[in-house]
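The values are calculated or read from the model by the stated rules, or taken from the named source; none is laboratory data. This one's a predicted model, so the numbers in the text were calculated from it and none came from an experiment. Glycine also receives a Cβ, built like all others from the backbone with ideal geometry; neighbour counts cover every protein chain displayed. Note: areas computed on protein heavy atoms with side chains; ligands, DNA, RNA excluded. Shrake-Rupley method; radii C 1.70, N 1.55, O 1.52, S 1.80 Å.
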Amino acid sequence: MTATLDPARPAAPTSPRRRWHRMLVPLGLAVLLIVTTLVLHAVDQPDPTDRGFLSPVATGDDGGSRLAEALRAQGVPIRRETDTRQALRAVGPGPVTLFVPAPELVHPGTLAALTVLPGGSRLVLVEPSRRVLTGLALPLEPTDRRWATRALPPDADGPCRLPEALRAGTAAVDHQRYAGPSPVDRCYAGALRRISWGAEVVVIGASDPFRNDRIDEWGNRSLATGLLGGDRPLVWLDLPGPEPAPTGPSWSPTPDDGGTPLPRRTGGRADDRADPAPNWHNPLWDAFPPWFWAVLAQLALAGLLLVLWRARRLGPPVPEPLPVTVHSAETVLGRARLYRRAGARDTAAATLRAAALDRLLPRLNLPPDTPADEVAARVAAHAGADPERVAELLHGATPEDDRELLELARDLDALTRTLAPHPTEGDPR
């Protein structure tokens, strides 16, 4: 029962499980790096719902104070409004430029009024979503969206007829692209669209040309000042957050409100129709692209499969060869110490009695399912002992302390040696 380790024997080959662990560690690090990159990229992206996003008075990276200074240097009068209704009341009878850097914050009930502007006016929208375009009834829809904004020349994917874009040249606007009918002017591969829809509506697919930290890159400054400048005064809609629902079933500025009456565009929503319920959704879904959620779901599924694969298998244990052979006495001693530490005298006594019966029953030619009384009687008859004493040894109560357990072990050993001597006893060698 003893074995030694041969130092001259070659080392065993690496098991498949250990090789899998070596592959799993770098794979896990790569996944962690990818997830960290995605999270940092999402955090770095500007959030239109943040206070100060493209605000003419915000000096942060995502603010628009540098753009406002450039427009004032060109002589463009700027009027900052923090409410859509006040911005529409500020529109005079002449042409005006209405700049909406965060159209997602405009309430759906007032979206349709944004295009009801005097003749010659311009409405500039930054990265409007499908909901905003539908609320404005514009024949545009968002299509491709890039991981990061890319700088492109205005005629990168076809001719561009917008003078401001042609003068600016290459600019960082290719983030969100839009599709529309052929009469719609198209620049920067569809990232900038211009359409006459009551007023002249310009849709741009990135906020980079207007932001403080990106305005001096490429032709961003020229493009931003060209779209918002000129001879028209600028009304800058700086919303601090999502707007509440407008009062009344169908709001529009009237002379009673102190503003200039605006004509209603035909073909829109009926005046007697109630405003639609707001459809505010969790902005976390828009913080990441759709493919990120698909990758995250696949990683979660892969992790679940890995957990199931590494979990304990159901069924009987599978025998495996031991890497080394140890003394049998060490195994017995280790188990005995565990029993002693746990105070499991009942388990130790049951183990001793089961071992004694395993040696006695074959000696007496008794099957394993023999009743306890018959086993005790046969053992007592062959050993010349008291049957009650034998029954107490083989099927008695649990020892109450270590001394009784030790006596039980000695008596069982003496009984088995009487009927079933140890194979080495009597050996002349």
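Observations, loosely collected:
- The Cβ shell under 11 Å around Glu217 holds other residues with a net charge of 0, Lys and Arg each +1, Asp and Glu each -1.
- Label positions at Arg337 and Val57, each projected 7 Å from the Cα along the C-beta direction, are separated by 7.6 nm.
- The residues neighbouring Glu81, those whose beta-carbon lies less than 10 Å from its own, together hold a net charge of +2 under the Lys/Arg +1, Asp/Glu -1 convention.
- Simple spin-label estimate for Leu32 and Asp401 in nanometres, 7 Å along Cα-Cβ: 5.5 nm
- Portion, in percent, of the accessible area of segment 102-177 that falls on carbon or sulfur, probe 1.4 Å: 50 percent
- For a paramagnetic label modelled on Ala148 (point 7 Å from Cα along Cα→Cβ), amide N atoms under 16 Å away belong, within segment 216-233, to 217-218.
- Peptides 387-397, 161-171, 296-306 ordered by average Cβ neighbours within 10 Å, highest first: 161-171, 387-397, 296-306
- Three-way shape call for segment 142-247 based on the alpha-carbon gyration tensor, with the a/c threshold at 1.5: rounded
- Cα shape, segment 319-376, gyration tensor, a/c 1.5 rule: oblate
- Portion, in percent, of the accessible area of segment 321-429 that falls on carbon or sulfur, probe 1.4 Å: 54 percent
- Cβ-based net charge around Pro387, under 13 Å, with every Lys or Arg adding one and every Asp or Glu removing one: -3
- In the context of the full set of protein chains, residues of segment 137-229 present 39 Å² of accessible surface per residue (probe radius 1.4 Å, heavy atoms only).
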